[in-house]
Amino acid sequence: MSYTRQQLGNEFFIKSHDILFEQGITDIEINVHDWENTKCFFYNGEKSAIPFDIFAASFYLLSRYEEYLPQVRDEYGRFLATESIAFKYGFLHQPVVDIWAYKFKAQLQKQFPNFHFPERTYSIKPIIDVPCAYNFRLKGIMRTIGGIVKDFFGLKLKTLYNRFAVLFGFKHDPFDTFKYIINKQKQTKFKFWFFFLIGGYSTYDKGTNPNNKAFKSLIKHIADYCHVGLKVSFFGIEDIGVLKKEKERMESIINTSLVATRQSYSKLNFPESYRNLVELEIKEDYTMGYVNQVGFRAGSCTPFLFYDLDYETQTPLMINAYHLMDYALLKYRSLLDKKKALNEIISEIKEVNGQFVPVFHNYTFGNVNRWQGFKELFNIILDSAHE
């Protein structure tokens, strides 16, 4: 096999693009072509075994090359799905890197029929994001009084009634769906990941006081059944000192090393966000994805190691990109349309025997009208792993 500009003989030949031989980052012109049932770029002609540089194109998507370049961001400083090459050229809904890999495998098998490839199977890794464990409980006296005053003057009488009913123990807190989720965990062999916010109270993060004993015991209780990670606070994303404190705080609660993180608001600053995690020896991250779009931000449904483009090094940090967040399904009006969108992405991932990572929140399973039908959607995901 050769990966060069020119073919040497009759070997399995992939014609190379310059990107993997360059130093630094440049604004590369991308021309996207149709290829069988998918798209491709870095086209290299018919002489090559694959009509484009599969290594360069995969590298471009997985390294998130485009996110290092200057671009328009939203009010939280996040990279927008609409700015991505995948959205612009209509392949965000496909795990193109995995599709290419299967086509590459088929070409290799023609050339080397005796070579056996390892088989993989479809799996799920549900994420439960907990920015705030309770809506009314464990808020502290000042925040509770503030909430009551706000409800009263805002004429939110139903909320005010519910607040008192929860505080006096007559009703269940609407965000407290943990028993339901644990019961769901017991029905599947695939472990859920819970990410708890334990940072300080701020404009962006309004979680539960991390020093509260009841909150700590909730986290410990969840850790008996599921994996527990840290939801990094908004200021922890920017400041490694804040992140380090939150990491140590979480480790003191779960009595073990912190394995995984997810950043607030799904915000990533390339490459600093991931460099900070590498420096603090965190092994996995679950931030890569789009809040308002269903699809494959890195073009894949396979976990991969973060490659630091500035330093030109592969790091030990495993990126688990997520492919759907509950918020992205809200734009579909009917439950039928939501199910259709969900089933479409499940079937895309099953086609390549990939890993489906959906993100739901604890409050999604409550009784608020906005989230009606989401328990059923979650069941579809769990059932998809056992079909």
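The values are calculated or read from the model by the stated rules, or taken from the named source; none is laboratory data. Since the structure is predicted, the reported quantities are computational estimates derived from the model, not experimental observations. We place every Cβ from the backbone using ideal geometry, glycine too, and count neighbours over all the protein chains shown. Remember, those area values only see protein heavy atoms, side chains included, never the ligands or the DNA or RNA. Shrake-Rupley method; radii C 1.70, N 1.55, O 1.52, S 1.80 Å.
What to note about this one:
- When the alpha carbon gyration tensor of the chain is reduced to an equivalent ellipsoid, its three semi-axes come out at 42, 22, 19 angstrom, largest first.
- Remark: the residue 109-residue 343 segment gains 81.1 nm on full extension, using 0.36 nm per residue and subtracting the alpha carbon distance.
- The helix-only estimate of mean residue ellipticity at 222 nm for the chain, built from DSSP H runs of length n ≥ 4 each weighted as -39500 (n - 2.57), is -10000 deg cm²/dmol after division by the residue total.
- Selection from 60, 43, 93, by position along the positive dipole direction of the chain (Cβ): 93
- Rounded to 5, percent antiparallel among DSSP beta bridges of the stretch 1-67: 60 percent
- For the peptides 232-241, 116-125, 361-370, 259-268, the ranking by packing is 259-268, 232-241, 361-370, 116-125, with the highest mean count of neighbouring Cβ atoms within 10 Å listed first.
- Full extension of the chain between residue 116 and residue 312 yields a length gain of 67.4 nm, computed as 0.36 nm times the residue separation minus the alpha carbon distance.
- Heavy-atom accessible area per residue - the stretch 255-387, 1.4 Å, Å²: 40 Å²
- Percent carbon-and-sulfur accessible area, the stretch 1-110, ignoring ligands, DNA and RNA, probe 1.4 Å: 51 percent
- Once the gyration tensor of the Cα atoms in the stretch 1-160 is diagonalised, the equivalent ellipsoid follows with semi-axes of 50, 21, 13 Å, ordered largest first.
- Between residue 221 and residue 26, full extension at 0.36 nm per residue minus the direct alpha carbon distance yields a gain of 65.3 nm.
- Taking 1.306 mPa s as the viscosity and 10 °C as the temperature, the Stokes-Einstein diffusion coefficient of the stretch 286-334 based on its alpha-carbon Kirkwood radius rounds to 131 µm²/s.
- Residue list for the stretch 3-27, given a label point 7 angstrom along the Cα-to-Cβ vector of residue 71 and an amide N cut-off under 19 Å: 19-20, 24-27
- Of all accessible heavy-atom area on the stretch 164-297, the percent that carbon and sulfur account for (1.4 Å): 51 percent
- The string of couplings for the stretch 196-203 from the Karplus curve (6.51, -1.76, 1.60, θ = phi - 60°) is 9, 7, 10, x, x, 5, 8, 4 Hz, one whole number per residue in order, with x for Gly and Pro.
- All-pairs alpha carbon distance profile, the stretch 240-387, 10 Å steps from 0, percent: 10, 35, 32, 20, 3
- Protection proxy ranking of 47-55, 325-333 - average other beta-carbon atoms within 10 Å, highest first: 47-55, 325-333
- Taking the DSSP bridge list for the chain and keeping only pairs wholly inside it, about 30 percent are antiparallel.
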